[in-house]
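The values are calculated or read from the model by the stated rules, or taken from the named source; none is laboratory data. Keep in mind it's a predicted model, so treat the numbers as computed, not measured. Cβ placement follows ideal geometry from the backbone for every residue including glycine, while neighbour counts extend to all protein chains displayed. Each accessible area value is taken on the protein alone, full model and side chains, heavy atoms only, with ligands, DNA and RNA left out. Shrake-Rupley method; radii C 1.70, N 1.55, O 1.52, S 1.80 Å.
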Amino acid sequence: MGFACTDLSRGQVGDLLGKKDVADGNWHHVAGVLDGTKTSIFVDGELDASTNSSPSISVNDFPVLIGANAQVKGRLFRGLIDDVRIYNRALAVDELRTLSNGG
């Protein structure tokens with residue numbers, strides 16, 4: 001599992017890959033957070049991976065898709081996705097833990 005935005009730290013896509021196995025048949029709460037100095041992946045309310053990054057995200061003409069890739073046709077998430085949210089700020093760890101517990 002990865003959290004990808006262009007220009008997070010080195011002008012590349014997919015700089016941050018998580019370590020936790022989420023393909024285990026169980027439901028997991030996964031959150032990608034960009035707070036202006038680092039990018040992090042949280043799984044079930046716990047930090048899974050983090051890297052330093054810049055706060056800029058490139059703009060392009062591709063649509064935002066959840067579970068698919070507008071640039072690479074046929075590249076699809078295999079599983080179920082529920083309750084997708086995009087915030088205009090980085091959530092605090094306490095907020096992520098509340099969300100991961102169904103709050």
Determine the dipole magnitude for segment 48-103: charges of +1 sit on the beta-carbon of Lys and Arg, -1 on that of Asp and Glu, nothing else is charged, the reference point is the Cα centre, and the result goes in debye to the nearest 20. 220
Ordered by packing density, taken as the mean number of other Cβ atoms within 10 Å over each peptide's residues, highest first, how do 95-102, 24-31 rank? 95-102, 24-31
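Per 0.36 nm of contour for each residue apart, how much would the distance between Leu91 and Asn52 grow if the chain were fully extended, relative to their Cα-Cα spacing?
12.4 nm is the gain from fully extending Leu91 to Asn52.
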Distance between modelled label sites at Ile66 and Val84, nm, 7 Å Cα→Cβ extension: 0.5
Solvent-accessible ranking of Ser50, Ser40, largest area first, probe 1.4 Å: Ser50, Ser40
